[in-house]
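The values are calculated or read from the model by the stated rules, or taken from the named source; none is laboratory data. On a predicted model such as this, the values are computed, not experimentally measured, just so you know. Neighbour counts are summed over all protein chains in view; Cβ atoms, including those assigned to glycine, are modelled from backbone coordinates with ideal geometry.
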Number of protein chains: 2
Amino acid sequence: MTKYIISIDLGGTNLRIGLFDQKIKLKDKLSLNTKRFASKWGLIQSIIDSIKLIIKKNKLSNDNISGVGVGLPGPTDYASGIVYFFPNIPGWRNVNLKKILTSKLNFKFYFENDANLMTLAEYKIGAAAGYKNGMGITLGTGVGGGVIINGELFRGSKFAAGEIGHLPINEKGPSCNCGGRACIEIYVGNQRILNKAKRVFKKEISLEDLSRFAARGNLKAVKIWRDVGERLGIALAGAVNLLNPDFIVVGGGVSRAGKILFDTLRRTVKKRAMIVQGNHVKIIKAKLGVDAGIIGAAILVKQRGAI
Amino acid sequence: MTKYIISIDLGGTNLRIGLFDQKIKLKDKLSLNTKRFASKWGLIQSIIDSIKLIIKKNKLSNDNISGVGVGLPGPTDYASGIVYFFPNIPGWRNVNLKKILTSKLNFKFYFENDANLMTLAEYKIGAAAGYKNGMGITLGTGVGGGVIINGELFRGSKFAAGEIGHLPINEKGPSCNCGGRACIEIYVGNQRILNKAKRVFKKEISLEDLSRFAARGNLKAVKIWRDVGERLGIALAGAVNLLNPDFIVVGGGVSRAGKILFDTLRRTVKKRAMIVQGNHVKIIKAKLGVDAGIIGAAILVKQRGAI
């Protein structure tokens with residue numbers, strides 16, 4: 001019987017579900033708006049319904065499914081499947097998601113941090129394929145990250161490695177949701193950029209428009225993206241000095257700002273990092289887009305030997 | 001025939017040579033002041049003379065020596081043994097030290113960064129034994145570091161990983177020797193602490209005295225060490241968020257400042273790092289002292305299978 005993998009990427013904005021074959025080729029996908037669900041239970045039910053739907057829609061039975069990979073947007077014990085909390089989805093605290101899901105659906109479930117899965121996907125079949133050591137970073141509402149060491153995702157001692165968004169770039173500075181101060185996420189998260197754009201342009205302006213203005217040479221828009229690139233570059237220079245990686249792959253919505261952001265980022269890392277590390281590291285634009293999370297979750301299931 | 005390992009730890013201040021048995025037990029050691037040597041060649045000759053001396057002094061022959069481990073204080077291609085440069089020893093630039101040494105002495109030479117060797121030593125037989133993931137940091141003229149991942153020293157893609165001293169703690173700030181800005185090393189290196197102490201006490205004061213004053217409750221001295229602990233804690237909080245390590249082992253001269261420094265460091269890391277990572281990491285005082293470098297070099301030789 002042909003075996004398939006189901007992938008789930010749970011984010012603060014969207015819930016994405018993918019169906020993959022054994023070669024990690026995407027066969028089908030669904031997407032729902034997460035914000036529709038007022039409660040934790042509504043969201044969990046919709047995960048279950050979506051899994052059933054994608055199986056039925058593709059005329060498969062449960063026996064065709066070798067495993068379900070789930071990407072999660074917050075601190076979780078990924079071995080036991082217990083979610084500690086989600087910074088951007090209210091109502092989740094110490095939820096045994098693995099137990100809940102397996103009580104409703106007789107599948108093998110595998111859990112991982114969403115930014116780790118993006119990093120894994122870009123490393124295995126995306127923009128960073130072929131390297132050995134590196135980092136992934138996703139720019140969005142929050143700034144997530146993942147670390148690849150000797151060709152493997154490095155999870156840290158308590159599954160919490162890769163929090164590139166929480167490298168501090170100042171001794172003093174605004175408080176961060178994480179409990180720290182002056183984390184890079186505060187300076188380059190979506191909301192901060194939108195607020196800055198609103199102040200500068202004296203009206204609401206989308207990130208897409210801000211990127212378009214910058215591409216056309218609008219100096220105010222260029223300045224906003226350069227500031228983002230410089231600050232991110234300072235944080236990444238520290239990580240580059242610490243890990244001497246081959247690559248940093250940059251994804252997420254903000255990364256679509258394009259050339260101005262990437263040029264500034266590359267220049268700043270080269271200027272601020274040490275010579276050997278700064279000359280060696282490649283800063284690469286992610287290429288798998290919004291599917292990176294579900295692709296990474298499928299790779300996770302395959303790596304765990306479930307197919 | 002009984003086999004021994006010779007270890008060399010080349011620092012900006014001292015050249016240390018050790019003789020170890022197969023169980024990494026120190027049998028004999030020598031120490032020379034590095035500053036005596038005006039030229040690169042004088043220093044290299046003294047390394048050669050010291051190796052010959054420690055063999056002769058212990059009534060051994062060259063056949064008893066299974067390998068020579070060398071710890072170096074600056075960017076080096078550790079595979080080829082080519083030194084790029086030493087920040088604190090002038091006159092070394094693109095020196096093929098392996099070639100020079102093997103042309104004079106028929107031994108197998110193994111090279112590694114000195115802070116990496118301290119980390120390896122503390123991890124294998126020192127204060128951090130038994131953990132899995134962590135970092136070592138040495139506080140001295142410079143601030144060096146090393147990274148342990150999954151029980152192994154992590155060298156990075158170009159042998160330059162572990163530069164914890166060059167994590168930036170401010171966007172803007174003083175220029176660092178490394179080419180960057182506002183690196184933690186600038187704020188907590190020996191010279192900075194001594195300069196600060198001189199300004200505060202209006203006379204030259206040694207680090208030992210500054211530690212003694214602090215231990216006795218002198219508020220000015222306490223404040224200086226607290227500042228060091230806080231700033232170091234901010235830099236380490238970032239590294240802890242990124243790597244979610246089990247431990248950070250802190251060594252080097254400044255670490256002897258003791259309780260005030262360590263208390264502040266632990267409190268700051270806990271306050272500034274993310275919950276899971278901050279609660280998990282142990283900040284440990286190194287216990288191998290000035291011998292950590294030569295012990296690490298001996299472990300390196302043993303790991304490479306030369307004994």
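Only one of the listed residues (A:Gly173, A:Gly142) is more than 7 Å from chain B (Cβ to nearest Cβ), under 16 Å from B:Leu242 (Cα atoms) and in contact (Cβ under 8 Å) with a residue 12 or more places away in the chain. That residue is A:Gly142.
Table: residues versus (1) aliphatic (A, V, I, L, M); (2) touching a strand residue (DSSP E or B) at 6+ places or on another chain (Cβ under 8 Å); (3) under 13 Å from A:Ile137 (Cβ atoms).
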position	(1), (2), (3)
A:Ile205	yes, no, no
A:Phe213	no, no, no
A:Lys220	no, no, no
A:Val228	yes, no, yes
A:Gly253	no, yes, yes
A:Arg256	no, no, no
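Looking across the stretch B:175-226, the residues that are at pLDDT 95 or above and of a type in the set (Lys, Arg) come down to B:Arg181, B:Lys196, B:Lys198, B:Arg199, B:Lys202, B:Lys203, B:Lys220, B:Lys223, B:Arg226. Look at (1) under 15 Å from the mean Cα position of the chain (by Cα); (2) surrounded by fewer than 19 Cβ atoms within 10 Å (Cβ to Cβ); (3) without any contact (Cβ under 8 Å) to a residue 60 or more places away in the chain and you find that A:Leu105 fails only one, number (1).
For the stretch B:190-203, the tally of residues that are touching a helix residue (DSSP H, G or I) at 6+ places or on another chain (Cβ under 8 Å), in contact (Cβ under 8 Å) with a residue 12 or more places away in the chain and within 19 Å of B:Gly142 (Cβ to Cβ) stands at 5.
Of the residues A:Tyr131, A:Tyr123, the single one that is in contact with a strand residue (DSSP E or B) (Cβ under 7 Å, 6 or more places away or on another chain), more than 10 Å from chain B (Cβ to nearest Cβ), under 14 Å from A:Pro245 (Cβ atoms) and not in a strand (DSSP E or B) is A:Tyr123. Those residues that are more than 23 Å from B:Glu185 (Cα to Cα) and not in a helix (DSSP H, G or I), I need them from the stretch A:255-276; list them, please. Once the filter is applied, which keeps residues that are more than 23 Å from B:Glu185 (Cα to Cα) and not in a helix (DSSP H, G or I), the stretch A:255-276 yields only A:Gly258. Scanning the stretch A:50-75 for residues that are of a type outside the set (A, V, I, L, M, F, W, C) and under 12 Å from A:Ile8 (Cβ atoms) yields A:Ser50, A:Gly67, A:Gly69, A:Gly71, A:Pro73.
Every residue, every condition in (1) closer than 18 Å to A:Leu105 by Cα; (2) in a strand (DSSP E or B), yes or no:
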residue	(1), (2)
A:Ile5	yes, yes
A:Gly18	yes, yes
A:Lys23	no, no
A:Gly42	yes, no
A:Gln45	yes, no
A:Gly69	yes, yes
A:Ser80	yes, no
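Considering B:Gly305, B:Gly296, B:Gly278, the condition of being more than 14 Å from chain A (Cβ to nearest Cβ), without any contact (Cβ under 8 Å) to a residue 60 or more places away in the chain and more than 24 Å from B:Glu208 (Cα to Cα) is satisfied by B:Gly305 alone. Note on the stretch B:22-44: residues that are out of contact with any helix residue (DSSP H, G or I) (no Cβ under 9 Å at 6 or more places or on another chain) and surrounded by 14 or more Cβ atoms within 10 Å (Cβ to Cβ) total 1.
Consider the stretch B:277-290 and keep the residues that are in a helix (DSSP H, G or I) and modelled with pLDDT of 95 or more. The one that is surrounded by the fewest Cβ atoms within 10 Å (Cβ to Cβ) is B:Asn279. Output yes when any residue across the stretch A:186-201 is facing chain B (nearest Cβ under 10 Å), crowded, with 22+ Cβ neighbours inside 10 Å and part of a helix (DSSP H, G or I), and no when none is. Scanning the stretch A:186-201 turns up at least one residue that is facing chain B (nearest Cβ under 10 Å), crowded, with 22+ Cβ neighbours inside 10 Å and part of a helix (DSSP H, G or I).
Take the residues in the stretch A:176-185 that are hydrophobic (A, V, I, L, M, F, W, C) and more than 7 Å from chain B (Cβ to nearest Cβ); name whichever of them is nearest to A:Asn133 (Cα to Cα). Going through the qualifying residues, I end up with A:Ile184.
In this structure, is B:Val249 within 23 Å of B:Glu163 (Cα to Cα), touching a residue at least 40 places away in the same chain (Cβ under 8 Å), touching an Asp or Glu at 6+ places or on another chain (Cβ under 6 Å) and away from every other protein chain (no Cβ under 14 Å)? Yes, satisfied.
Scoring A:Ala239 on the criteria (1) within 10 Å of chain B (Cβ to nearest Cβ); (2) surrounded by fewer than 17 Cβ atoms within 10 Å (Cβ to Cβ) leaves a single failure, condition (2). Condition check for B:Glu204 on (1) charged (D, E, K, R); (2) assigned to a helix (DSSP H, G or I); (3) over 23 Å from B:Leu288 (Cβ atoms); (4) more than 8 Å from every other protein chain (Cβ to nearest Cβ): one failure, at (2).
Pairs meeting the criteria (first residue in the stretch A:119-133 and farther than 7 Å from A:Val249 by Cβ, second residue acidic (Asp, Glu) and in a loop (DSSP other than H, G, I, E, B), beta carbons under 7 Å, at least 6 apart or on different chains) are A:Tyr131/A:Asp246; A:Lys132/A:Asp246; A:Asn133/A:Asp246.
When restricted to residues that are touching an Asp or Glu at 6+ places or on another chain (Cβ under 9 Å) and more than 9 Å from chain A (Cβ to nearest Cβ), the stretch B:254-275 contains 5. Considering the conditions (1) over 22 Å from the mean Cα position of the chain (by Cα); (2) at pLDDT 95 or above, A:Leu242 is excluded by exactly one of them, (1).
All conditions in (1) under 25 Å from A:Phe154 (Cα atoms); (2) away from chain A (no Cβ under 14 Å) hold for B:Leu60, with the sole exception of (1). Selection of the stretch B:152-170 for residues being of a type outside the set (A, V, I, L, M, F, W, C), at the interface with chain A (Cβ under 8 Å from one of its Cβ atoms) and not in a strand (DSSP E or B) yields B:Arg155, B:Gly156, B:Ser157, B:Lys158, B:Gly162, B:Glu163, B:His166, B:Asn170. Out of B:Ser206, B:Ser157, one residue alone is more than 17 Å from the chain's Cα centre (by Cα), under 30 Å from B:Lys302 (Cα atoms) and free of Cβ contacts under 8 Å to residues at least 40 places away in the same chain. It is B:Ser157.
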